[in-house]
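One structure is given below, encoded as structure tokens.
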Amino acid sequence: MYEYNIDINTVRELEDKAYKIRHDLLNFIYRIGMGHLGGELSMVEMAVALYYKYMNYDPKNPKWEERDRFVLSKGHCSETLYTIFSDMGMFTMDHMVEHFETLDTAQFGMHSNRKYVPAIEVSAGSLGHGLPIAVGMALGARLQKKAWRTFVMVGDGELAEGTNWEAIMAGGHHELGNLVLIIDKNQLSMTGFTRDTMNIDPLADKLRAFNWDVREFDGNDMYAVCEALQNLPPSSWESRRKPICLISNTVKGRDVDFMEYNWKWHGGGIAKEQLEEALESIKKRYEQRRSVR
Amino acid sequence: MAVKSTFDFDQMLSSAREAYGEELLKMAEEGYEFAFTYSDNVAISSSAGKLIQNYPERCINFGIAEPNQVGASAGLALSGMVVYSQVFGPFLSLRTADQIHTDIAYNDVNVRLIGTHAGVTAAGGPTHNCIADLALYRAIPNLIIEVPADANQCKMAIRKSFTHDGPMVIRIDRGGSPLVYADTDYEYEFGKAIETLPGTDLSIISAGSCVYWSLMAAKILKDEYGISARVIDMHTIKPMDYEMIDKCVKETGNIITVEEASINGGLGGGVAEYLCERGFNGKFKRIGLPDEFAVLGDPDEIYKYYGMDPEGIAKTINKVMNG
């Protein structure tokens with residue numbers, strides 16, 4: 001049965017966490033001098049809701065066999081995950097900064113690497129790779145009779161890569177009910193709006209035509225994110241049904257006034273004054289949100 | 001232990017392409033747990049076809065979409081399975097180079113990519129020729145490149161690879177090639193070349209179907225030109241057995257390479273790089289497909305056209321040695 005009533009305290013707690021992750025992420029990017037803040041900020045609500053609430057996950061044992069898998073196909077946004085892992089106690093922020101792209105002592109890189117960070121499921125960076133891999137993981141769970149679910153997050157710009165559509169076809173064909181594709185539809189890619197560089201709309205219609213169960217919502221509204229994740233059908237290795245696609249409509253650079261809808265904030269570092277302005281902005285947004293919920 | 005090569009038994013044709021399916025079917029029957037991914041090119045009448053029919057739950061068809069097949073194979077391996085993935089060779093190397101590099105090798109997963117139709121054996125012209133793969137695979141870190149010399153060796157490669165930790169490409173031809181070895185009763189290890197035929201004047205370093213051609217060429221060299229050629233089966237192209245190359249240089253002086261691929265960057269390229277850096281001053285020649293899109297025709301005729309048949313190889317070697 002579809003649940004409309006999401007526990008408001010859960011939503012508030014996750015919103016608090018999302019605010020903290022944005023805060024830590026901005027500081028992290030300031031300290032390492034590089035990152036992809038636009039896409040890292042747009043995905044915060046979804047990543048927080050998954051890791052802190054909706055994924056079957058043990059941060060003390062990120063290789064636990066029964067865990068749900070999260071594949072970040074937009075691997076250039078891995079700093080959001082590192083920040084979450086740090087908040088979960090896997091390593092300190094100082095440790096990450098100290099070992100970020102430091103040649104033979106490096107444990108963290110701009111693009112996620114599963115050898116360096118055990119909680120990373122797939123080494124990624126080149127776009128259009130995550131979804132085919134996730135299709136294989138979902139098939140692997142089915143073959144091994146495992147109940148865990150595979151979540152994969154792709155960017156909307158990334159959907160121009162043809163491999164995604166090969167994988168979308170295969171996901172529908174093999175009826176991978178244990179696979180959840182999350183499209184972080186933040187509307188921008190590296191040099192402009194996706195509708196200008198390569199239009200992907202009508203996206204939901206396309207996915208439905210490939211036999212996917214598509215759900216669309218505001219991916220920066222924690223209530224809507226929780227509602228979407230709470231209403232996923234149960235995962236089982238036996239389930240043969242349409243795979244789920246969550247079109248998470250988000251804003252690139254979300255909550256930082258001067259970054260939102262601005263493709264120039266796709267990648268790069270952030271200066272001290274910009275950091276302060278950004279921290280002000282996310283605080284203001286958080287307080288606005290709290291005043292109504 | 002002496003290796004029993006083609007000279008010790010009557011010529012028998014066999015197919016490495018059939019052999020990999022036979023061995024996988026046998027392994028499945030013996031209880032080995034693995035997944036098999038494939039494209040829309042496996043005949044139901046083949047052994048791989050029987051594997052698919054008898055074990056449908058672990059055999060996954062990806063249609064005509066090789067990049068997704070190879071990417072998903074990486075995912076299957078990441079979920080904890082050993083994966084064998086059969087792809088038409090030219091498309092494996094050219095279409096899924098990105099997935100082999102990033103999803104398989106960089107992610108360091110237990111996928112065994114079986115690339116069929118090596119060289120020009122698919123027939124059908126350059127779209128279906130598999131000539132650039134060895135050069136490409138050699139440049140990808142963390143990838144073992146295995147090129148079995150015949151069907152029996154292919155079976156050993158398939159079985160041995162089950163317990164190997166890490167990614168691997170197994171390159172085989174279309175099938176219908178003669179057996180090089182009478183049986184599987186010889187030492188076979190990844191990364192360790194085999195001295196298939198003793199010889200003293202030069203060493204022919206070869207792999208895949210070319211090992212048989214090289215043996216035949218060695219016979220012609222001996223009978224017609226009085227040249228004693230050693231034949232080395234360099235079945236692992238990477239990591240290459242440099243110790244064996246050193247031994248050949250020391251004992252035979254001159255080196256010839258023969259491969260069913262572009263002469264640029266493959267087996268011959270790898271041997272040449274090593275020899276040059278060692279200050280080698282013997283005679284050296286790479287035999288393989290030249291730097292052009294191959295002429296059209298029957299595969300055997302094409303190889304003959306490019307001097308890769310036993311007579312052609314012998315003639316070239318004689319010219320290098322005495323020219």
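Read-outs: derived from the displayed coordinates by stated rules, not from any lab. Just so you know, these numbers come straight off a predicted model, no measurement behind them. All Cβ positions, even for glycine, are placed from backbone atoms using ideal geometry, and neighbour counts span all protein chains on display.
Assorted remarks:
- Take the Kirkwood radius over Cα pairs of the stretch A:111-245, plug it into Stokes-Einstein at 37 °C and 0.692 mPa s, and you get 211 µm²/s for translational diffusion.
- Straight-line reach from residue A:206: taking Cα to Cα under 26 Å and skipping same-chain neighbours fewer than 8 places apart, the lysines in range are A:74, A:185, A:242, A:252.
- The calculated P(r) of the stretch B:14-178, using every Cα pair and 10 Å bins from 0, goes 11, 45, 38, 6, 0 in percent.
- Pairs of Cα atoms nearer than 8 Å and 6+ residues apart set the relative contact order; for chain A it is 24 percent.
- Highest-MSF residue in chain B out of B:150, B:223, B:233 [GNM, Cα springs under 10 Å]: B:223
- Inter-label distance, residue A:191 to residue A:283: 3.9 nm, where each label sits 7 Å from its Cα along the C-beta direction.
- Cα-based equivalent ellipsoid of the protein assembly as shown: semi-axis lengths in Å, sorted from largest, via gyration tensor: 53, 26, 20
- P(r) tail, chain B: Cα-Cα pairs separated by more than 37 Å, 13% of all pairs.
- Summed residue charge, Cβ within 13 Å of residue B:82's Cβ, Lys/Arg positive, Asp/Glu negative: +2
- Ordering of B:111-119, A:122-130, B:21-29 by burial proxy (mean other Cβ atoms within 10 Å per residue, highest first): B:111-119, A:122-130, B:21-29
- With neighbours defined as other Cβ atoms within 10 Å of a residue's Cβ, the residues B:57, B:66 order from fewest to most as B:57, B:66.
- Peptide A:113-125 shows a mean partner chain C-beta count of 3 within 10 Å per residue C-beta.
- Radius of gyration, Dmax [the stretch B:162-252; alpha carbons; angstrom]: 14.1, 46
- Within a straight-line Cα-Cα reach of under 21 Å, residue B:238 can be paired with the following lysines, leaving aside sequence neighbours fewer than 8 residues apart in one chain: B:155, B:160, B:192, B:247, B:285.
- Whole-angstrom Cα spans of chain A along principal axes, big to small: 52, 44, 40
- Dipole of the stretch B:194-322 [Lys/Arg +1, Asp/Glu -1 at C-beta], most positive-end residue of B:275, B:257, B:204: B:275
- The stretch A:56-158, relative contact order [Cα under 8 Å, separation at least 6], %: 37
- Shielding value for B:94-100 is 2, the average number of Cβ atoms from other chains within 10 Å of each residue's Cβ.
- One equal scatterer on each Cα of the stretch B:196-323, no solvent, Debye formula: the resulting log10 I(q)/I(0) at q = 0.13, 0.17 Å⁻¹ is -0.46, -0.81.
- Applying the criteria of a DSSP loop state and at most 13 other Cβ atoms within 10 Å to the GluC sites (Glu not before Pro) of the stretch B:132-239 yields B:187.
- Percentage, to the nearest whole number, of Cα pairs in the stretch A:1-147 over 19 Å apart: 55
- Viscosity 1.002 mPa s, 20 °C: Kirkwood-radius Stokes-Einstein D of the stretch A:142-221 over Cα pairs, µm²/s: 155
- Ordered by the count of other Cβ atoms within 10 Å of each Cβ, fewest first, A:215, A:22 give A:215, A:22.
- Cross-link reach is defined here as a Cα-Cα straight distance under 16 Å, omitting same-chain residues fewer than 8 places apart; for residue B:4 the lysines meeting it are B:219.
- Restricting the stretch B:282-314 to chymotrypsin sites (Phe, Trp or Tyr not before Pro) in coil, as DSSP defines it, with at most 15 other Cβ within 10 Å: B:293
- Take each residue of peptide B:78-87, count the partner chain Cβ atoms within 10 Å of its Cβ, and average: the result is 4.
- Applying both filters, DSSP loop and at most 16 other Cβ atoms within 10 Å, to the GluC sites (Glu not before Pro) of the stretch A:146-188 gives A:175.
- Separation in nanometres of the label points that stand 7 Å from Cα toward Cβ, at residue A:34 and residue A:60: 3.6
- Dividing the convex hull volume of the alpha carbon atoms of the stretch B:105-149 by its residue count gives 86 Å³ per residue.
- From least to most packed, judged by other beta carbons within 10 angstrom and beginning with the fewest, B:210, B:248 follow the order B:248, B:210.
- Remark: spin-label model distance residue B:61-residue A:95 equals 4.9 nm, labels positioned 7 Å along the Cα→Cβ axis.
- With contacts taken as Cα pairs under 8 Å and at least 6 residues apart, chain B reaches a relative contact order of 18 percent.
- Secondary structure note: in the protein assembly as shown, about 15% of the DSSP beta bridges are antiparallel.
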